[in-house]
Every structure is written in structure tokens, then in C-alpha cells.
Protein chains: 2
Amino acid sequence: MDSTKQIQMEAIGYVRRKSKEEDVKDRRLISEIVIRNDLAAALDGLEDFSHLYAIFYMHQVAKEEKTELRVHPRGRADLPLLGVFATRTAFRPNPIGLTLVELLKRKDNVLVVRGLDALDGTPVLDLKPADTRDMVANPRVPKWLRLLEEESRVRRLSKH
Amino acid sequence: MDSTKQIQMEAIGYVRRKSKEEDVKDRRLISEIVIRNDLAAALDGLEDFSHLYAIFYMHQVAKEEKTELRVHPRGRADLPLLGVFATRTAFRPNPIGLTLVELLKRKDNVLVVRGLDALDGTPVLDLKPADTRDMVANPRVPKWLRLLEEESRVRRLSKH
């Protein structure tokens, strides 16, 4: 198999945010996924799911230089040097984003979602309904990630 | 934004199965994800996660005709006609597959996984470690999907 051959895709829509200045990492924020008008009918029935996976193309990253194979999570030298596939860094061979979002509403070709960490204008590649086959009760994760999660939790508590 | 512009990607590796005849829908089966040698280092640290998301390109589907916007799940006329984004059909505008798999072992550039429903030779686009942010305890799903899940359960019980 020629695994290096180019694969072509096209956007099915894009992400629309209230402002380009929003902190997209804040998972409480609400944003919209605007699907191309010619594909609106392909959303029929998605509104019966509480959650969906948004698969998107991190176009701002795609303009950058070739990626490193190893990174420190969040650029923190105190955390281990890891392969990019062991992290969610945007700097990866194919800059694909994957996020489980809560579906709040559908109106025609627009989905209102909570928790999408994608920039305003990000091209969307696919949407998939989330079901129980995608869920694991207690996935095992490494120590560095548990540390980051604990830090986030403390930060949220101290803010409110 | 020109949402119709082409997006280019390339395979980071491919799926290797024991046989082309395997029933890829059987989530108990074990298969391999063979990553390109030049990207092997990008896997470092992934072995500390119990589960990962495989994002792949359903190349056999990509050769087919343009897709319909609505389908009956599993082609069953007794189930509602739904938009393709409300289903996991392979016939979608971008034939991207997304599956949560269990990571059993990594050896150099090869991952041994359980539950990957991709054909032998399928190009892989990205791998992402699964963590608790990707999990929802009880996602709401439509009645047609609960019916399909119940049927699968009964079929499994009757086989064993």
C-alpha cells in the first residue's frame, strides 16, 4: 500500500463563534457549527442525540512549519517529552481536531453546541453521533495527564 | 470563508488484519495499526493510555459514487430515514471513520488494538489518546439506536 499518497477532503461547514477573542479552551462556552446548505438534510435526526463528535481541520496550524514528533504537553518542560500521538497537541501530521460536544439545538443547517474548542472559521470535516460504544467508564491515563486535570480543577475552583 | 476548498492529508499508517475476510464489525477482534517508520517516535507515551481514538479514511467507500444525504440505519426500511450525520454510515461526504479502541500493546511502530472496525489496508489519519473529557456517563440516544443495540445484545447472547 502506498501510505504516503494524498487524501482529499472538503469542509462540510465551519465553526462560528461570537468573537474571535474567545478562549476556545473554555469548555463551558457555546458556539455554532454551520453546515453547508446543500448538506443540511444530512443533519436530520442528529437532534435526538445529546452529544456528538465534531471532527475538524485546524486550518491555522496547517499553515505552520512541519511538526515535531515529540512535544512537552502544553509546552511545559516539567512534564515528560511525549510523542504527538500521545497528546492532543494541534501540531500533528494531519491537524485534525476531535471533540465531544454537547448538542443544545439544531435549527436548519446550524447546530448550537457547548464545549467545542475550535477557532472561529475552522473548517468542519465530519460529525458523528455519540453513543455508549464510544464510552469507557474509567479509561487509564498517564500520571502527567492526571496532574494537568487536577491543576485545571483547582484553577476552576479558585475562579468561582 | 470558502468552505468548499480542498483539504489535503496523508496517511500516517494503515490497518493490518489477520485476514481480509474478518468480520470487522466484531469488536472483540484484534488488529494492528502500523505507523510509518518516520513517525514511530510520535507514538511515545501512547502506551500509558488504555484506549485511543483511531481516525481513519474509508478508502473503499471513497471510490464509490456520491453519497446520499439520508439513509436508513443498516439499510433497514423499518428504521427511520435519517441524515447521514445522525448515523455512523461509511457513506458520508468525507469518509472518515472514528473508533474508540482498546490499546493492548505497542511495539516500535505497531499498535495492537481491540475493537477497530476498519478493513485491512485502511489508511489511518490520526490517533488520539482517550481521556475522561471524551466520556459522558449516559449519552441520550434515539429509540432506533436503542433498538439496534438491544438486537445486537440478543444476537451475542444467542451465539454463546
So residue A:92 passes all but one of these: (1) more than 21 Å from residue A:25 (Cα to Cα); (2) out of contact with any Gly (no Cβ under 7 Å at 6 or more places or on another chain). Which condition number does it fail? (1)
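Going by what's in this entry, would residue A:120 be described as in contact with a His (Cβ under 9 Å, 6 or more places away or on another chain) and part of a loop (DSSP other than H, G, I, E, B)?
Numbers: in contact with a His (Cβ under 9 Å, 6 or more places away or on another chain): no; part of a loop (DSSP other than H, G, I, E, B): yes.
Against the criterion (in contact with a His (Cβ under 9 Å, 6 or more places away or on another chain) and part of a loop (DSSP other than H, G, I, E, B)), residue A:120 does not qualify.
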Extreme residue, farthest from the chain's Cα centre (by Cα), among residues of region A:107-122 that are crowded, with 21+ Cβ neighbours inside 10 Å and over 10 Å from residue A:35 (Cα atoms): A:113
Subset of region B:129-147, residues under 25 Å from residue B:52 (Cβ atoms) and of a type in the set (A, V, I, L, M), comes to B:130, B:135, B:136, B:137, B:141, B:145
Output the residues belonging to region A:123-153 that are more than 27 Å from residue B:152 (Cα to Cα), of a type in the set (A, V, I, L, M) and not in a strand (DSSP E or B). A:141, A:145, A:147, A:148
Considering only region B:116-139, state which residues are within 9 Å of another protein chain (Cβ to nearest Cβ) and at pLDDT 95 or above. B:121, B:123, B:124, B:125, B:126, B:127, B:128, B:129, B:130
Exactly one of (1) in contact (Cβ under 8 Å) with a residue 40 or more places away in the chain; (2) facing chain A (nearest Cβ under 10 Å); (3) closer than 16 Å to residue A:134 by Cβ is unmet by residue B:146. Its number? (1)
Odd one out for residue A:88, checked against (1) under 15 Å from the mean Cα position of the chain (by Cα); (2) within 24 Å of residue B:84 (Cα to Cα); (3) of a type in the set (Lys, Arg): (2)
Of A:91, A:85, which residue is without any contact (Cβ under 8 Å) to a residue 60 or more places away in the chain and touching a Leu at 6+ places or on another chain (Cβ under 9 Å)? A:85
Of the residues in region A:105-125, those that are in contact (Cβ under 8 Å) with a residue 40 or more places away in the chain and over 22 Å from residue A:25 (Cβ atoms) number 5
Scanning region B:4-38 residue by residue, those more than 21 Å from the chain's Cα centre (by Cα) and of a type outside the set (Val, Ile, Thr) turn out to be B:5, B:6, B:37, B:38
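Name the residue, out of B:52, B:82, B:69, that is surrounded by 13 or more Cβ atoms within 10 Å (Cβ to Cβ), modelled with pLDDT of 95 or more and over 25 Å from residue A:10 (Cβ atoms).
Values: B:82 fails: over 25 Å from residue A:10 (Cβ atoms); B:69 fails: over 25 Å from residue A:10 (Cβ atoms).
Just one listed residue meets the conditions, B:52.
The values are calculated or read from the model by the stated rules, or taken from the named source; none is laboratory data. From a predicted model like this one, the values you see are computed outputs, not experimental measurements. Glycine also receives a Cβ, built like all others from the backbone with ideal geometry; neighbour counts cover every protein chain displayed.
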